[in-house]
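The values are calculated or read from the model by the stated rules, or taken from the named source; none is laboratory data. Everything numeric here is computed off the predicted structure, so don't read it as measured data. Glycine gets a Cβ as well: all are built from the backbone with ideal geometry, and neighbour counts include every protein chain shown. Accessible surface is based on the protein model in full, side chains and every heavy atom, while ligands, DNA and RNA are left aside. Shrake-Rupley method; radii C 1.70, N 1.55, O 1.52, S 1.80 Å.
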Amino acid sequence: MNLASRRIRMVMGLRRAGVNDPRVLGVMEQIERERFIPPAWQMDAYEDAPLPIGHGQTISQPAVVGKMLQALEAGPRMRVLEIGVGSGYQTAALAGLVRAVFGIERIKALLSGAKLRLEEQKIDNVFLRWADGGKGWPEGAPFDRIIAAAAADDMPGALADQLKPGGIMVLPLGVAGHQSLWRIRRDDTGFQTEDLGAVAFVPFLPGAIEANLVAETPRYRPAQGAA
Ligand code: SAH
């Protein structure tokens, strides 16, 4: 099966996983996930799995990206802060949904790769920053929406401060093995939280670094003979 057919099959899988927002399905049908992963993993680009992207990090699982984007309820005029750009895959999807994406990544080498990929695809409504996302992006604040792809133990206060009243933040919280995805709505009285279920994300780490040279241990291998 070629990659384009696999992508269509992936989108059918997203529907089965409960993603039914037509705008989210539409952007995920457009984006070529194979552009965001290393050559060795090309044939697995449309498996519903996280895959290694180097530096000890992973590109998020498509169903999880779909669920997070759906939970975000993002509209075309919104400005969104994204923490944990990684490969840039979710950034590209967000760019198709909103007016402007402010993406932060702490590993410089990953951010450089993401920047190149987004430029190649002529995605120009994304601003990228190499920094610790725990501080947010004060000059860009306040944001209509905030999304994070790495799990902090507790909600980073700076992110809560940078969310507009009426805004929504979607992020995983908790330690390995005990993480949940949360949707946090800011209203006039404070923050309303909603647990969207168990997830497994890489940890939200402090500080910005050039690179993280770790031995890669693939966490996922497709079954023998998987189509
Ligand atoms: N959505 C990305 C997910 C990458 S994994 C993708 O699909 O490719 C999560 C990313 O969050 C990693 O690249 C990791 O380096 C980054 N990260 C972790 N803590 C961070 C922090 N405090 N600030 C910015 N990025 C962070």
Completion exercise
Check: C-alpha center the stretch 9-24 vs C-alpha center the stretch 160-215, spacing in Å is 23
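Take the Cα pairs of the chain, get the Kirkwood Rh, then feed it into Stokes-Einstein at 10 °C and 1.306 mPa s and tell me D in µm²/s.
Calculated translational D: 90 µm²/s.
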Problem - the chain, helix-only ellipticity at 222 nm - DSSP H runs n ≥ 4, -39,500 (n - 2.57), divided by all residues, nearest 500 - result: -7500 deg cm²/dmol
Fill in the blank from the handout: In whole angstrom, largest first, the equivalent ellipsoid semi-axes that the Cα gyration tensor gives for the stretch 1-124 are 20, 19, 12
Problem - Cα→Cβ-extended label distance, 7 Å offset, between Glu29 and Leu196, nm - result: 2.1
Exercise for the section: Could you go through the stretch 89-106 in sequence order and give the Karplus-derived ³J(HN,Hα) for each residue, using 6.51 cos²θ - 1.76 cosθ + 1.60 with θ = phi - 60°, rounded to whole Hz, and x for Gly and Pro? Expected result: 5, 5, 4, 4, 5, 4, 4, x, 9, 10, 6, 8, 10, 10, x, 10, 9, 8
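Can you give me the % of accessible surface on the chain that is carbon or sulfur? Probe 1.4 Å, all protein chains present, nothing else counted.
Within the chain, the accessible surface is 54 percent carbon and sulfur.
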Fill in the blank from the handout: Tilt, helix 3-16 to longest principal axis of the chain (alpha-carbon atoms), in degrees rounded to tens, equals 50
Practice task
Scan the chain and report its longest stretch carrying no trypsin sites (Lys or Arg not before Pro) that are both in a DSSP loop and have at most 15 other Cβ atoms within 10 Å.
Solution key: 123-218
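Which whole-number value in Å² is the accessible area per residue of the chain, probe 1.4 Å?
48
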Completion exercise
The relative contact order of the chain, taking Cα pairs under 8 Å that sit 6 or more residues apart, comes to a percentage of 18
Practice task
Just need the Rg to Rh number for the stretch 129-205, please, alpha carbons only, Kirkwood Rh.
Solution key: 0.96
Problem - Percent RCO, i.e. relative contact order, over the stretch 1-54, from Cα pairs under 8 Å lying at least 6 residues apart - result: 39
Fill in the blank from the handout: The answer for Gln179, listing residues at least 5 apart or on another chain whose modeled amide H is closer than 5 Å to its amide H, is Val199
Problem - Rounded to 10°, Cα long-axis angle of helix 108-120 versus longest principal axis of the chain - result: 70
Fill in the blank from the handout: Rounded to the nearest 10 degrees, the helix 62-72 long axis (Cα) sits at an angle to the longest Cα principal axis of the chain of 20
Handout entry: Over the stretch 101-188, relative contact order from alpha-carbon pairs under 8 Å, at least 6 apart, %
Key = 23
